[in-house]
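Undergrad: The following block contains the structure, expressed as structure tokens.
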Amino acid sequence: MVNFEYYTPTKVIFGKNAEEKTGELVKAQGCKKVLVHYGGNSAKRSGLLDRICKSLEKAGIDFVTLGGVVPNPHLGKVHEGIALCKKEGVDFILAVGGGSVIDSGKAIGYGVANEGEVWDFYAKTRVPKACLPIGAVLTIAAAGSEMSNSSVITNEDGWLKRGYNDDICRCRFAVMNPELTYTLPAYQTASGCVDIMMHTMERYFTKETDTALTDGIGEALIRTVMQSARILKENPENYDARAQVMWAGSLSHNGLTGCGTVGDWASHQLEHELGGMFDVAHGAGLAAVWGSWARYVYKEKPERFAQFAVNVMGVANDDSHPEKTALEGIKRMEEFYHAIDMPISIHELGVDLTEEQIQELAYKCSFMDKRTIGQFKVLNRQDIENIYRMAK
Ligand code: NZQ
Ligand code: ZN
């Protein structure tokens with residue numbers, strides 16, 4: 001088990017009607033003016049946005065609104081938000097939405113609290129000193145941004161999707177009412193479930209040893225999300241399944257399932273390039289590449305994949321054939337993705353890659369041939385290309 005730091009400062013308000021407390025939660029932050037940040041139409045259509053604004057009014061909070069955040073959120077909207085916040089003297093950001101809205105809010109928070117171009121932080125050429133405080137009202141269980149230290153932004157100039165991780169952006173509070181996710185399209189629910197599972201799987205596939213407790217937490221989390229995803233496919237308004245998934249989404253990306261391990265994150269890096277270039281749903285993109293990644297790397301430590309196969313995928317234990325057990329586990333995970341209507345190839349994701357595009361993706365993913373990705377197996381530009389080709 002490696003040394004670790006575990007920091008989760010986010011206050012969680014979970015359950016039915018939780019959003020009614022938003023005004024009081026914001027008031028407790030002692031801010032002067034709030035930016036209410038939201039996405040396309042879903043929060044307006046459901047009436048949630050109205051209820052949040054009324055809750056703020058009731059608490060006597062001054063606010064301005066900015067909607068229009070798209071999935072795979074754009075830098076252009078972030079710039080718009082920064083300008084608005086500066087003009088209006090905003091000192092707190094309330095994100096009402098999913099990972100895209102929260103991430104856009106975090107980026108605006110960096111942009112307001114620091115001089116200069118905010119993209120520098122995502123391009124890793126500068127480090128921010130501060131971030132405006134942020135709160136979230138979550139409407140989709142997926143990215144885990146409500147408790148993570150991460151935000152991911154797409155720069156329309158070159159369609160580069162880049163993440164920046166820093167504890168200073170962690171939400172002060174997260175309001176989570178599972179009922180708010182009833183209105184999600186089935187594809188978004190399933191895609192969210194994959195992302196949640198992947199946040200634990202990225203941490204689980206490690207070469208570290210003596211991680212029994214972290215393994216057990218992670219395995220239970222993945223099994224629970226799989227079970228709930230199957231229920232939600234049949235009954236999207238099953239409160240208990242929605243609640244399990246929502247809570248799993250936060251725990252899967254707040255660091256808990258990675259305590260003592262060294263995360264891999266190659267699948268995420270592979271997906272981010274697909275998201276930047278083809279605007280695919282993040283979780284679906286992960287499902288499309290994971291099996292190919294797994295088959296490319298499992299021989300580094302087949303026992304780890306075999307443990308996953310037995311403890312998560314229900315494969316019979318066979319110590320004498322760890323490679324066989326490992327491959328059976330990978331196959332069953334792909335069967336599960338299909339069972340919840342998720343893709344297991346880039347073609348099924350709706351993108352038919354040309355050889356040129358494979359090379360472009362690998363070039364961008366390797367930061368123009370300047371970095372490797374992954375820890376379980378370190379992958380260079382050529383490896384990345386091979387995996388995109390396998391996943392095609
Ligand atoms: O824009 P609206 O109309 O709200 O529609 C959204 C959007 O189309 C819709 N939606 C959200 N809540 C809804 C709803 N529709 C009906 N009813 C509701 N209650 O769902 C669509 C997807 O929303 P989005 O916020 O994009 O989803 P998600 O939470 O999956 O976020 C994805 C983004 O987060 C990044 C991803 O790369 C992607 O850009 N990630 C962020 C992470 C982080 N900050 O820690 C970690 C992740 O690994 C991930 O990379
Ligand atoms: Zn993710």
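The values are calculated or read from the model by the stated rules, or taken from the named source; none is laboratory data. Everything numeric in this text was worked out from a predicted model, so none of it was measured. Using ideal geometry, Cβ is built from the backbone for each residue, glycine included, and neighbour counts are taken over all protein chains shown. In case anyone asks, the SASA skips ligands and DNA or RNA and just uses the protein heavy atoms, side chains included. Shrake-Rupley method; radii C 1.70, N 1.55, O 1.52, S 1.80 Å.
Undergrad: Looking at the stretch 143-171, which of its residues are at positive phi and within 16 Å of ligand 2 (Cβ to nearest atom)?
TA: Hit for the stretch 143-171 is 144, nothing else.
Undergrad: List the number of the failed condition for residue 175; all other conditions in (1) in contact with a Cys (Cβ under 6 Å, 6 or more places away or on another chain); (2) closer than 20 Å to residue 241 by Cα hold.
TA: (1)
Undergrad: Now for a different question. Can you tell me which residue within the stretch 122-141, out of those that are among the aliphatic types (A, V, I, L, M) and assigned to a loop (DSSP other than H, G, I, E, B), is most open to solvent (accessible area, probe 1.4 Å)?
TA: The selected residue is 127.
Undergrad: Considering the stretch 299-310 alone, what residues qualify as being open to solvent by less than 60 Å² (accessible area, probe 1.4 Å) and in a helix (DSSP H, G or I)?
TA: 302, 304, 305, 306, 307, 308, 309, 310
Undergrad: Right, another one. Looking at 291, 314, 283, can you tell me which residue is open to solvent by less than 10 Å² (accessible area, probe 1.4 Å) and away from ligand 2 (no atom under 16 Å from the Cβ)?
TA: Numbers: 314 fails: open to solvent by less than 10 Å² (accessible area, probe 1.4 Å); 283 fails: away from ligand 2 (no atom under 16 Å from the Cβ).
None of the other options fit; the residue is 291.
Undergrad: For residue 169, work out the one condition from (1) closer than 23 Å to residue 11 by Cβ; (2) more than 13 Å from ligand 1 (Cβ to nearest atom); (3) open to solvent by less than 10 Å² (accessible area, probe 1.4 Å) it doesn't fulfil.
TA: (2)
Undergrad: Okay, moving on. Restricting to the stretch 70-103, count the residues that are of a type in the set (Val, Ile, Thr) and out of contact with any His (no Cβ under 8 Å at 6 or more places or on another chain).
TA: At the first step, the residues of the stretch 70-103 found to be of a type in the set (Val, Ile, Thr) are 70, 78, 82, 90, 93, 96, 101-102.
Cutting the leftovers down to out of contact with any His (no Cβ under 8 Å at 6 or more places or on another chain) gives us 70, 78, 82, 90, 102.
Matching residues across the stretch 70-103 total 5.
Undergrad: Considering only residues of the stretch 365-392 that are surrounded by 21 or more Cβ atoms within 10 Å (Cβ to Cβ) and in a helix (DSSP H, G or I), which is nearest to the chain's Cα centre (by Cα)?
TA: Only one residue fits best here, namely 365.
Undergrad: Filter the stretch 317-341 down to residues that are open to solvent by 60 Å² or more (accessible area, probe 1.4 Å) and part of a helix (DSSP H, G or I) and give me whichever is nearest to residue 192 (Cα to Cα). Talk me through it step by step, then tell me what you get.
TA: Of the residues in the stretch 317-341, the ones open to solvent by 60 Å² or more (accessible area, probe 1.4 Å) are 317, 319-321, 323-324, 327, 331-332, 335, 338, 341.
Subsequent filtering for residues that are part of a helix (DSSP H, G or I) retains 323-324, 327, 331-332, 335, 338.
Working: 323: 29, 324: 29, 327: 25, 331: 21, 332: 19, 335: 17, 338: 15 Å.
Residue satisfying both the conditions and the ranking: 338.
Undergrad: Answer with yes or no whether residue 195 is farther than 26 Å from residue 129 by Cα and touching a His at 6+ places or on another chain (Cβ under 7 Å).
TA: yes
Undergrad: Quick check on this structure: which one of 190, 174 is within 16 Å of ligand 2 (Cβ to nearest atom) and more than 25 Å from residue 360 (Cα to Cα)?
TA: The match here is 190.
Undergrad: Looking only at residues that are touching a Lys or Arg at 6+ places or on another chain (Cβ under 8 Å) and in contact (Cβ under 8 Å) with a residue 40 or more places away in the chain in the stretch 59-92, which one is nearest to residue 196 (Cα to Cα)?
TA: It comes out as 72.
Undergrad: Quick check on my filter: what residues within the stretch 195-217 are within 16 Å of ligand 1 (Cβ to nearest atom) and touching a Lys or Arg at 6+ places or on another chain (Cβ under 7 Å)? It would help to see each step written out before you state the result.
TA: Initial filter on the stretch 195-217 (within 16 Å of ligand 1 (Cβ to nearest atom)): 195-205.
205, the sole residue that qualifies.
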